[in-house]
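Participant: Before anything else, here's the structure in question.
The values are calculated or read from the model by the stated rules, or taken from the named source; none is laboratory data. The structure presented is a predicted model; accordingly, all values stated were derived computationally and were not measured. So basically every Cβ, Gly included, is an ideal-geometry build from the backbone, and we count neighbours across all protein chains shown.
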Amino acid sequence: MKLLFKSTLVLFTTALLSQAFAKTTICYKKDWNSPATIEVEKLEGGECKGELSYRDMLKNGWFLKDIKIEKGKDGLNYIYTLTDKRVVEIDNATILKNEYKKLDYRPFAIKILNVTDETATINVGNLRVGQSGIVQHYYEDNKTLIVSNAYVTSSNETASTLKFFPFTDLKQNAIPTSNRKPVTGDVIIMNYMYDSSLIIAPSQDAFSATREKYKDNNFLHSDLFAAKLKSEGIPTPPKEVIQEYAISQNLGTIFFIIDNTIYVVDSKTFAILDKDIISYNYIENKRMPFYTRVEKIEKNIFTSMLDYKSWFGFLNKIFGDDTRSEDERLLENEIAAGELTVKGEVYNNYYETMLGIKK
């Protein structure tokens, strides 16, 4: 088993050295018996050096490229392949400049062609950049295995190019992973779970109007997400927290309501798939982080004060150092109390910045 483990590392390292466009590293943990704690356990090898965990590496700007879980002698062996370049790169500002016909949310299946280590093509055109799906391998006994995620990087009238990235929707650290990679002839299901969604809305009216407008979608109530934020002490969730929650709940899309516009976003790529106008009873003040009946989402007292500084640094960019009104100066107290109602400008800027569309 030791020989097999070392051989696996050598194969991974050889493949990664050929990818000069991005820095990569491999961190691992051998014979680990506590799957629930593996992500916070210090890892060996690479940039981890026995000092950093997987979660630490993510905080330091690394991104997961692949994970392998193998059966070891006395437990499980975990091998994390990490890169300093985003696995999914999307420019929403550029996407919004393109004119598309209305998005069809229905899933469809098609075989992938011209497969390489990271890319493939499909004979379907006019897709959105950032539109995603899951790649399935079919066995002779009609059983299937999900082997990867994939998203559209380019599309013309007749065909589209896809890029693979890890499938982590059903993350289970206690079960060994498959070594199978996508091959020509595998099937991609595009628009996977696009009809299951989360709403980020500034008010109850905006929330209700969105559900009424998109009756064919199954919306997970924002109260459930808010309850999680409250339990973890996160009053203003960053992009990564929203994205991770949506994926963990098997939600394919997130609906962001900013002023009178709905932005439909792919949960896995955070690409804007569609936008539309919505009418509702507009009010000046907005709920942060979004409309919910859960009260007092308070900051965890054990969380670093640096997070507070980051949030107020964001506010300073909007208001300047000394030009905030008295109401705006009271935001600090409102955040501390977990009762955050803000001017519409603050809510709008927060989510426009998150989506990369702030002008």
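Participant: Based on this model, can you work out whether LYS215 counts as at pLDDT below 95, outside any helix (DSSP H, G or I) and charged (D, E, K, R)?
Facilitator: yes
Participant: Against the definition (touching a strand residue (DSSP E or B) at 6+ places or on another chain (Cβ under 7 Å), in contact (Cβ under 8 Å) with a residue 40 or more places away in the chain and outside the structural domain of ALA271 (by TED's automatic domain parsing)), how does PRO182 come out, yes or no?
Facilitator: Considered against the rule, which asks whether it is touching a strand residue (DSSP E or B) at 6+ places or on another chain (Cβ under 7 Å), in contact (Cβ under 8 Å) with a residue 40 or more places away in the chain and outside the structural domain of ALA271 (by TED's automatic domain parsing), PRO182 comes out as yes.
Participant: When you go through VAL147, VAL152 one by one, which is the residue that is assigned to a strand (DSSP E or B), of a type outside the set (Phe, Trp, Tyr) and touching a Leu at 6+ places or on another chain (Cβ under 7 Å)?
Facilitator: VAL152
Participant: Still on this structure, please answer the following. Scan (1) basic (Lys, Arg); (2) without any contact (Cβ under 8 Å) to a residue 60 or more places away in the chain; (3) touching a strand residue (DSSP E or B) at 6+ places or on another chain (Cβ under 6 Å) for the single condition LYS275 breaks and write down its number.
Facilitator: Unmet condition: (2).
Participant: Do you know which of the residues in the stretch 181-200 that are among the hydroxyl-bearing types (Ser, Thr, Tyr) and assigned to a strand (DSSP E or B) is farthest from PHE290 (Cα to Cα)?
Facilitator: Residue satisfying both the conditions and the ranking: SER196.
Participant: Determine, yes or no, whether ASP117 is under 29 Å from THR144 (Cα atoms), at pLDDT 85 or above and more than 20 Å from the chain's Cα centre (by Cα). Lay out the reasoning, then the answer.
Facilitator: Values: under 29 Å from THR144 (Cα atoms): yes; at pLDDT 85 or above: yes; more than 20 Å from the chain's Cα centre (by Cα): yes.
Yes; evaluated as a whole, the condition is true for this residue.
Participant: Can I ask one more? Quick check on PHE270: is it within 11 Å of the chain's Cα centre (by Cα) and of a type in the set (Phe, Trp, Tyr)?
Facilitator: Working: within 11 Å of the chain's Cα centre (by Cα): yes; of a type in the set (Phe, Trp, Tyr): yes.
It is true that PHE270 is within 11 Å of the chain's Cα centre (by Cα) and of a type in the set (Phe, Trp, Tyr).
Participant: Within the stretch 237-245, identify whether any single residue is in contact with a Phe, Trp or Tyr (Cβ under 9 Å, 6 or more places away or on another chain) and assigned to a loop (DSSP other than H, G, I, E, B), and answer yes or no. Give the steps one after another, and end with the answer.
Facilitator: Within the stretch 237-245, the subset in contact with a Phe, Trp or Tyr (Cβ under 9 Å, 6 or more places away or on another chain) is 237, 239, 242-243, 245.
Filter once more, keeping what is assigned to a loop (DSSP other than H, G, I, E, B): 237.
The answer is yes, given that some residue of the stretch 237-245 is in contact with a Phe, Trp or Tyr (Cβ under 9 Å, 6 or more places away or on another chain) and assigned to a loop (DSSP other than H, G, I, E, B).
Participant: For the stretch 14-127, which fully contained strands (runs of 3 or more DSSP E) count at least 1 residues that are crowded, with 18+ Cβ neighbours inside 10 Å, outside the structural domain of SER148 (by TED's automatic domain parsing) and not aromatic (Phe, Trp, Tyr)?
Facilitator: Of the strands (runs of 3 or more DSSP E) lying wholly inside the stretch 14-127, those with at least 1 residues that are crowded, with 18+ Cβ neighbours inside 10 Å, outside the structural domain of SER148 (by TED's automatic domain parsing) and not aromatic (Phe, Trp, Tyr) span 24-32, 63-71, 76-83.
Participant: Which of the residues belonging to the stretch 140-171 are polar (S, T, N, Q) and over 14 Å from ASP66 (Cα atoms)?
Facilitator: Passing the criteria: ASN142, THR144, THR153, SER154, SER155, ASN156, THR158, SER160, THR161.
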